[in-house]
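S.K.: Sharing a structure, written as C-alpha cells. Questions coming.
The values are calculated or read from the model by the stated rules, or taken from the named source; none is laboratory data. Note that the structure is a prediction, hence the values are computed from the model and not measured. All Cβ positions, even for glycine, are placed from backbone atoms using ideal geometry, and neighbour counts span all protein chains on display.
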Amino acid sequence: MSSPMSWNDQEVRAAFPALAQSDNGVPRLYADAPGGTQVAGRVLERMREALVEHCANDGGVFRTSRLTEERMLAAHATAATFLGAANAQEVVFGLNSTSLLFHFSRMLARDWQAGDEIVVSRMDHDANIAPWLIAAEERGVTVRWLEFDTTTYQYRYDSLPGLLGPRTRLIACNHASNFLGTINDVGRIVAAGRAAGAVTVVDAVQSAPHFAINAARIGCDLLVTSPYKYFGPHAGLAYIRTELADRLRALKVRPSPQTMPYKHAPGTPSFEAQLGTVGAIEHLAWLGERFGGALASAPLRARIERGLAAAGRHEEALANRFLSVARELPQVRIFGIDDPAHVSGRVPTFSFTVGRHPASAVAEAFARRNIFVWSGSFYAYEIAGVLGVRDTGGVVRVGFAHYNTSGEVDSIAAVLRELAASG
C-alpha cells in the first residue's frame with residue numbers, strides 16, 4: 001500500500017460524464033443517489049465494448065460469441081470479488097433486485113407447507129417483503145414481523161428469539177434502509193435465522209454504494225444488490241450460497257445448463273449490463289488506487305475496500321455538514337439517526353419533512369433550482385405506515401454519493417433555510 005492522496009472533488013467528478021451538464025446555465029445538482037446514482041465513465045466504455053466489439057449471444061463457435069462468453073464469465077468473477085462470494089458460481093445477474101427476489105421466492109416457496117412460518121421486516125423496501133408475502137399467502141404460511149424502534153430507528157433485535165422457531169423457513173432483512181438510512185446488524189439476524197434452520201435473505205441495495213459487502217462473512221444464503229445504485233447500469237446482481245443454489249430446482253427453460261452461473265439465470269442476460277457492472281466495480285477500485293492508498297497491482301478486493309473506505313470518509317463529512325444545518329431548523333424533522341456523533345451508524349440518505357410544506361412541494365422547490373431530490377415513500381411501504389406518512393404524501397429524501405461536494409450540501413441547506421422560514 002502507498003500513502004493515500006487527499007480527496008479531490010474535481011478529479012472524482014470528472015469520472016462521471018453526467019456531472020458536467022447544466023440547464024439554462026444552471027448546473028445540475030444530483031442529490032437523488034438512493035434512487036439511482038449517476039454512471040461512471042468506465043461503465044459506458046465497458047457497455048460500448050459489449051455492444052460494438054462482441055455483440056452476440058454466448059454459446060457459439062464464432063469469434064464474437066466466444067468473446068461474449070469469455071467476458072460474461074469474467075464479469076461473474078469480478079462480481080464475486082465485489083460481493084465477497086467464494087467464487088463466480090455464487091453470482092446471479094438479473095433485471096433488478098425486485099425481479100430477482102420474486103424469481104427466487106417462487107423456487108424457495110415450493111417446499112413450504114401450511115403451518116410453516118417466515119419472518120419479514122417492517123424496515124425493508126417492499127421488494128424484500130411483497131415477494132415473500134405473496135408466496136406465503138399461496139402456501140398457507142404464517143408471516144411474522146421484525147419491527148423497528150421508532151425512537152432509535154434500529155431493529156428490535158431483542159424480539160428475534162420470539163419470532164424464530166422450528167417451523168421458520170425464511171427470514172428477510174435489509175443491510176441499510178432506503179428510507180431511514182440505518183445500517184443494520186444483518187450478521188446478527190442471519191446468525192439467528194441460520195440457527196433456526198431458516199433460509200436467510202439480505203437486501204444490500206442501499207449498503208453496496210457506501211461500504212464493502214462481504215456476503216460470506218455475513219453468512220446469508222441470498223443477498224441482492226442493484227448496480228444502478230452503485231454507479232453502474234440498470235441491472236440486478238445477487239449472491240447465492242452454493243448449498244442453496246445446488247438445492248433449488250431452477251425456474252428455467254429446459255435446454256439451458258443445470259450448472260452455475262447459468263442454472264439460476266432467468267433467461268438470456270444483458271451482457272452489456274454485466275460488463276457495465278464490471279465498469280462500476282473498476283471505478284470503485286480506481287478510487288482505492290487514487291484516494292485509498294492501494295497500489296494498482298493490489299488484489300481487486302483490496303482496491304475496492306480501500307476505494308469505498310475513502311468514499312465513505314468523504315460521505316460522512318457530507319452527512320455531518322447536512323445534519324449540522326438540519327438540526328438547527330426546528331421545522332425540519334428527520335426520520336432516522338440525526339446525531340452527528342452516531343453518523344457512522346447510517347448511510348448518507350436522509351428522509352425528512354419541512355414544517356407544513358407538503359413533501360411534493362418541497363421537492364418542487366428544489367427542482368426549480370435544478371436540485372434533484374425525491375418525495376414520497378420510496379417503496380418503503382411498511383416504514384411509511386409505521387411512521388404515519390404513507391397517506392399524507394410521504395417525506396422528502398436527500399441522498400449523497402461520493403461525487404457530491406460540500407458546496408452542494410450548502411446549496412441544499414440554503415433551500416432548506418428558505419423553506420423553513422416560510423412555514
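S.K.: In this structure, does GLU90 turn out to be under 19 Å from the mean Cα position of the chain (by Cα) and modelled with pLDDT of 95 or more? Spell out the reasoning first.
M.R.: On the way: under 19 Å from the mean Cα position of the chain (by Cα): yes; modelled with pLDDT of 95 or more: yes.
So GLU90 fits the description; yes.
S.K.: Can you tell me which of ILE183, ILE213 is outside the structural domain of GLY336 (by TED's automatic domain parsing), under 16 Å from the mean Cα position of the chain (by Cα) and more than 27 Å from ALA75 (Cα to Cα)? Spell out how you get there, then give the answer.
M.R.: Details: ILE213 fails: more than 27 Å from ALA75 (Cα to Cα).
Criteria check complete, one pass: ILE183.
S.K.: Next question, about the same structure. What number of residues within the stretch 182-209 are at negative phi and either polar (S, T, N, Q) or in a loop (DSSP other than H, G, I, E, B) (or both)?
M.R.: 12
S.K.: If you don't mind, there's one more thing I want to ask. I'm trying to understand the selection: among the residues of the stretch 341-366, which are within 9 Å of GLY181 (Cβ to Cβ) and of a type in the set (Ser, Thr, Tyr)?
M.R.: Correct list: THR349, SER351.
S.K.: Now, a different point. Restricting attention to the stretch 8-57, which residues are of a type in the set (Phe, Trp, Tyr) and either closer than 16 Å to VAL373 by Cα or loosely packed, with under 14 Cβ neighbours inside 10 Å (or both)?
M.R.: Start the filter on the stretch 8-57 by keeping residues that are of a type in the set (Phe, Trp, Tyr), which leaves 16, 30.
TYR30 - this is the single residue of the stretch 8-57 that is of a type in the set (Phe, Trp, Tyr) and either closer than 16 Å to VAL373 by Cα or loosely packed, with under 14 Cβ neighbours inside 10 Å (or both).
S.K.: Residues to consider are ALA235, ALA204; find the one that is small (Gly, Ala, Ser) and free of Cβ contacts under 8 Å to residues at least 60 places away in the same chain.
M.R.: Values: ALA235 fails: free of Cβ contacts under 8 Å to residues at least 60 places away in the same chain.
Exactly one residue qualifies, and that residue is ALA204.
S.K.: Let me ask another. Out of the residues in the stretch 295-326 meeting the condition of being over 25 Å from HIS342 (Cα atoms) and in contact with a Ser or Thr (Cβ under 7 Å, 6 or more places away or on another chain), tell me which one is surrounded by the fewest Cβ atoms within 10 Å (Cβ to Cβ). First the steps, then the outcome.
M.R.: Residues of the stretch 295-326 over 25 Å from HIS342 (Cα atoms): 295-303.
Subset that is in contact with a Ser or Thr (Cβ under 7 Å, 6 or more places away or on another chain): 295, 300-301.
Numbers: LEU295: 13, LEU300: 17, ARG301: 16.
Ranking the qualifying residues of the stretch 295-326, first place goes to LEU295.
S.K.: Taking the stretch 397-423 on its own, how many of its residues are part of a loop (DSSP other than H, G, I, E, B) and crowded, with 24+ Cβ neighbours inside 10 Å? So that I can check it myself, show each step before the final result.
M.R.: Residues of the stretch 397-423 part of a loop (DSSP other than H, G, I, E, B): 400-405, 422-423.
Restricting the remaining residues to those that are crowded, with 24+ Cβ neighbours inside 10 Å gives 400-402, 404.
Count: 4.
S.K.: Quick check on the stretch 145-167: of everything there that is within 24 Å of GLY336 (Cα to Cα) and over 23 Å from the mean Cα position of the chain (by Cα), which residue is surrounded by the fewest Cβ atoms within 10 Å (Cβ to Cβ)? If you could, list the steps in order and put the result at the bottom.
M.R.: Taking the stretch 145-167 first, the residues within 24 Å of GLY336 (Cα to Cα) are 145-160.
Narrowing the set further to residues that are over 23 Å from the mean Cα position of the chain (by Cα) leaves 151, 158-160.
Numbers: THR151: 6, ASP158: 8, SER159: 14, LEU160: 19.
Only one residue fits best here, namely THR151.
S.K.: Still on this structure, please answer the following. Do we have VAL398 as closer than 19 Å to LEU329 by Cα and at pLDDT 95 or above here?
M.R.: Yes, satisfied.
S.K.: State yes or no: is THR353 closer than 30 Å to LEU287 by Cα, at pLDDT 95 or above and either of a type in the set (Val, Ile, Thr) or in contact with a His (Cβ under 7 Å, 6 or more places away or on another chain) (or both)? Full working, then the answer.
M.R.: On the way: closer than 30 Å to LEU287 by Cα: no; at pLDDT 95 or above: yes; either of a type in the set (Val, Ile, Thr) or in contact with a His (Cβ under 7 Å, 6 or more places away or on another chain) (or both): yes.
No; evaluated as a whole, the condition is false for this residue.
S.K.: Something else: For a quick check of your reading of the model, give me the residue pairs whose first member lies in the stretch 46-64 and is polar (S, T, N, Q), whose second is crowded, with 19+ Cβ neighbours inside 10 Å and in a loop (DSSP other than H, G, I, E, B), with beta-carbon atoms closer than 8 Å and at least 6 apart or on different chains.
M.R.: Close Cβ pairs (under 8 Å, with a partner that is crowded, with 19+ Cβ neighbours inside 10 Å and in a loop (DSSP other than H, G, I, E, B)) amount to THR64/HIS54.
S.K.: So which residues in the stretch 337-372 are in a loop (DSSP other than H, G, I, E, B), crowded, with 21+ Cβ neighbours inside 10 Å and either of a type outside the set (A, V, I, L, M, F, W, C) or not assigned by TED's automatic domain parsing to the domain that holds ALA317 (or both)?
M.R.: PRO348
S.K.: Here is a follow-up. Here is a list of conditions, (1) in contact with a Ser or Thr (Cβ under 6 Å, 6 or more places away or on another chain); (2) in a helix (DSSP H, G or I), and SER375 meets all of them except one; can you say which number that is?
M.R.: All conditions pass for SER375, except number (2).
S.K.: Can you tell me how many residues in the stretch 180-207 are over 22 Å from LEU237 (Cβ atoms) and of a type in the set (A, V, I, L, M, F, W, C)?
M.R.: Of the residues in the stretch 180-207, 6 are over 22 Å from LEU237 (Cβ atoms) and of a type in the set (A, V, I, L, M, F, W, C).
S.K.: Can you tell which of THR182, THR168, THR200 is closer than 25 Å to PRO348 by Cβ and not aliphatic (A, V, I, L, M)?
M.R.: Numbers: THR168 fails: closer than 25 Å to PRO348 by Cβ; THR200 fails: closer than 25 Å to PRO348 by Cβ.
Criteria check complete, one pass: THR182.
S.K.: Now, a different point. Mind telling me which of the residues HIS210, HIS234 ends up being out of contact with any Cys (no Cβ under 7 Å at 6 or more places or on another chain), farther than 29 Å from GLN113 by Cα and crowded, with 24+ Cβ neighbours inside 10 Å? Full working, then the answer.
M.R.: Details: HIS234 fails: crowded, with 24+ Cβ neighbours inside 10 Å.
Of the residues listed, the single one that is out of contact with any Cys (no Cβ under 7 Å at 6 or more places or on another chain), farther than 29 Å from GLN113 by Cα and crowded, with 24+ Cβ neighbours inside 10 Å is HIS210.
S.K.: Could you check how many residues of the stretch 240-266 are in contact with a Leu (Cβ under 9 Å, 6 or more places away or on another chain) and either modelled with pLDDT under 95 or outside any helix (DSSP H, G or I) (or both)?
M.R.: 7
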